[in-house]
Amino acid sequence: MPELRRVPANGVELNVSLAGSGPPVLLLHGFPHTWELWTDVMADLSGRYRVIAPDLRGFGASSRAASGYDAGTLAEDAAALLTALGVSSAAVVGIDAGAPAAFLLALRRPGLVRRLVVMESLLGRLPGAEDFLADGPPWWFGFHSAAPGLAESVLEGHEDAYVDWFLDAGTLGDGVRPALRDAFVRAYTGREALTCAFSYYRALPESAAQIERAVATARLTVPTMALGARPVGAALERQLRPFADALTGHVIEDCGHIIPLHRPRALLALLHPFLAGEDATAA
């Protein structure tokens, strides 16, 4: 079992899961998940790496912060967490809400990020995702960021059904193990938990502006791997291509959005050679 620890970072306390020893690997989850999204991945990676998997601010058992859900602040949270743990360089892996934060961390602090893996997310309004967005963004983006408090009022008392929809859709109907499902439901039950989760979506315009400013003055110099499944596919890779010096991309077939739980073996088959500095395609 991993060790759970509360770590002060950037003005909040993050609930952090720690396992293994070796070169550090930081894992950043998305919605509607917690660090437990990485359960299967951590069990494997901890044999070779020091795996660090926090609940993002406001999510899970981390501090219910009143603000700071933009990608830039989440990136600073991650940097402060690594510093607090005595880590000077780490591979960083982000999915969904964690991917823009991981991207900005690598772009702003390349000395801190050894390798970058981002998956199943979009980077603001950067070109490359036009096909994915042809019919508009996913419906829940608008619902979550509508009039303040509306989504919370509609969903309070029905969190289990709402989380179940995302878990089923994100695994192409397969669902996740009951223990994990129950953990996610608990983490997103209650008005305060919902408000924190939806604050990430309400900060998306600010995050998009941060990303646009960042790529205007810097390039992504660290080795990067972009992974897609359904529904994002290769859109994230296309967004990254003009700004990345060393980019490889893969789309995992027959896999839903929640890659670490739906197809952990396929993910690990790509992660291991990439984290080791090898050619994932050849491997």
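Please return the ranges of helices (runs of 4 or more DSSP H) entirely within the stretch 148-222 where 1 or more residues are closer than 20 Å to LEU107 by Cα, of a type in the set (Asp, Glu) and touching a Phe, Trp or Tyr at 6+ places or on another chain (Cβ under 6 Å).
Details: elements: 150-155, 159-169, 178-187, 191-202, 204-217.
Helices (runs of 4 or more DSSP H) meeting the threshold: none at all.
Spot the failing condition for GLY249; the list is (1) outside any helix (DSSP H, G or I); (2) crowded, with 22+ Cβ neighbours inside 10 Å, and only one is missed.
(2)
Quick check, is PRO231 part of a loop (DSSP other than H, G, I, E, B) and closer than 19 Å to GLU120 by Cβ?
Working: part of a loop (DSSP other than H, G, I, E, B): yes; closer than 19 Å to GLU120 by Cβ: yes.
Considered against the rule, which asks whether it is part of a loop (DSSP other than H, G, I, E, B) and closer than 19 Å to GLU120 by Cβ, PRO231 comes out as yes.
In the stretch 46-57, is there at least one residue being within 15 Å of the chain's Cα centre (by Cα), charged (D, E, K, R) and modelled with pLDDT of 95 or more?
Looking for residues that are within 15 Å of the chain's Cα centre (by Cα), charged (D, E, K, R) and modelled with pLDDT of 95 or more, one finds at least one in the stretch 46-57, hence yes.
Among the residues of the stretch 79-113, how many are assigned to a helix (DSSP H, G or I), of a type in the set (A, V, I, L, M) and over 26 Å from GLY233 (Cα atoms)? First the steps, then the outcome.
So the first thing to find is which residues in the stretch 79-113 are assigned to a helix (DSSP H, G or I), and the list is 79-84, 98-108.
Then drop every residue that is not of a type in the set (A, V, I, L, M), which leaves 79-82, 84, 99, 101-102, 104-107.
In the following step, the residues that additionally are over 26 Å from GLY233 (Cα atoms) were identified as 79-82, 84.
So the count comes out to 5.
Test each condition in (1) touching a Gly at 6+ places or on another chain (Cβ under 7 Å); (2) surrounded by 15 or more Cβ atoms within 10 Å (Cβ to Cβ) for GLU212 and report the one that comes out false.
It fails just one condition, (2).
LEU240 is checked against (1) open to solvent by less than 30 Å² (accessible area, probe 1.4 Å); (2) among the aliphatic types (A, V, I, L, M); (3) farther than 26 Å from GLU36 by Cα; (4) free of Cβ contacts under 8 Å to residues at least 60 places away in the same chain and fails just one. What number does that condition carry?
(4)
Return the residues of the stretch 1-55 that are small (Gly, Ala, Ser) and either outside any loop (DSSP other than H, G, I, E, B) or surrounded by fewer than 17 Cβ atoms within 10 Å (Cβ to Cβ) (or both); say none if nothing qualifies. Break it down stepwise before answering.
Quick first cut of the stretch 1-55, residues small (Gly, Ala, Ser) only: 9, 11, 17, 19-22, 30, 43, 46-47, 53.
If the condition is that a residue be small (Gly, Ala, Ser) and either outside any loop (DSSP other than H, G, I, E, B) or surrounded by fewer than 17 Cβ atoms within 10 Å (Cβ to Cβ) (or both), then ALA9, GLY11, SER17, ALA19, SER21, GLY22, ALA43, GLY47, ALA53 are the ones that fit.
Is there any pair with a first residue in the stretch 92-103 that is modelled with pLDDT of 95 or more and a second that is acidic (Asp, Glu) and open to solvent by less than 10 Å² (accessible area, probe 1.4 Å) whose Cβ atoms are under 8 Å apart and which are 6 or more apart or on different chains, and what are they?
If the second residue must be acidic (Asp, Glu) and open to solvent by less than 10 Å² (accessible area, probe 1.4 Å), the pairs left are ILE95/GLU120; ASP96/GLU120; ALA99/GLU120; ALA101/ASP77.
In the set PRO23, PRO32, which member is within 26 Å of PHE198 (Cα to Cα) and not basic (Lys, Arg)?
Working: PRO23 fails: within 26 Å of PHE198 (Cα to Cα).
Result: PRO32 is the single residue among PRO23, PRO32 that is within 26 Å of PHE198 (Cα to Cα) and not basic (Lys, Arg).
Answer with yes or no whether ALA61 is over 13 Å from TYR200 (Cβ atoms), modelled with pLDDT of 95 or more and open to solvent by less than 10 Å² (accessible area, probe 1.4 Å).
Numbers: over 13 Å from TYR200 (Cβ atoms): yes; modelled with pLDDT of 95 or more: yes; open to solvent by less than 10 Å² (accessible area, probe 1.4 Å): no.
No: the conditions fail for ALA61.
I'd like to know if the stretch 69-79 contains one or more residues that are among the β-branched types (Val, Ile, Thr), open to solvent by 10 Å² or more (accessible area, probe 1.4 Å), over 15 Å from the mean Cα position of the chain (by Cα) and on the phi < 0 side of the Ramachandran plot. Talk me through it step by step, then tell me what you get.
If we filter the stretch 69-79 for residues that are among the β-branched types (Val, Ile, Thr), which is where we start, we get 73.
Next, only the ones that are open to solvent by 10 Å² or more (accessible area, probe 1.4 Å) stay: 73.
Remaining after also requiring over 15 Å from the mean Cα position of the chain (by Cα): none.
Looking for residues that are among the β-branched types (Val, Ile, Thr), open to solvent by 10 Å² or more (accessible area, probe 1.4 Å), over 15 Å from the mean Cα position of the chain (by Cα) and on the phi < 0 side of the Ramachandran plot, one finds none in the stretch 69-79, hence no.
Collect the residues in the stretch 216-233 that are open to solvent by 20 Å² or more (accessible area, probe 1.4 Å) and either of a type in the set (S, T, N, Q) or touching a residue at least 12 places away in the same chain (Cβ under 8 Å) (or both), keeping them in residue-number order. Spell out how you get there, then give the answer.
First, pick out the residues of the stretch 216-233 that are open to solvent by 20 Å² or more (accessible area, probe 1.4 Å): 216-219, 221, 223, 230-231.
If the condition is that a residue be open to solvent by 20 Å² or more (accessible area, probe 1.4 Å) and either of a type in the set (S, T, N, Q) or touching a residue at least 12 places away in the same chain (Cβ under 8 Å) (or both), then THR217, ALA218, ARG219, THR221, PRO223, ARG230, PRO231 are the ones that fit.
The values are calculated or read from the model by the stated rules, or taken from the named source; none is laboratory data. Computed from a predicted model, the values in this text were never measured in an experiment. Methodologically, a virtual Cβ is constructed for each residue, glycine included, from the backbone with ideal geometry; neighbour enumeration extends over all protein chains shown. When the accessible area is computed, the model is the full protein with side chains, heavy atoms only, and any ligands, DNA or RNA have been set aside. Shrake-Rupley method; radii C 1.70, N 1.55, O 1.52, S 1.80 Å.
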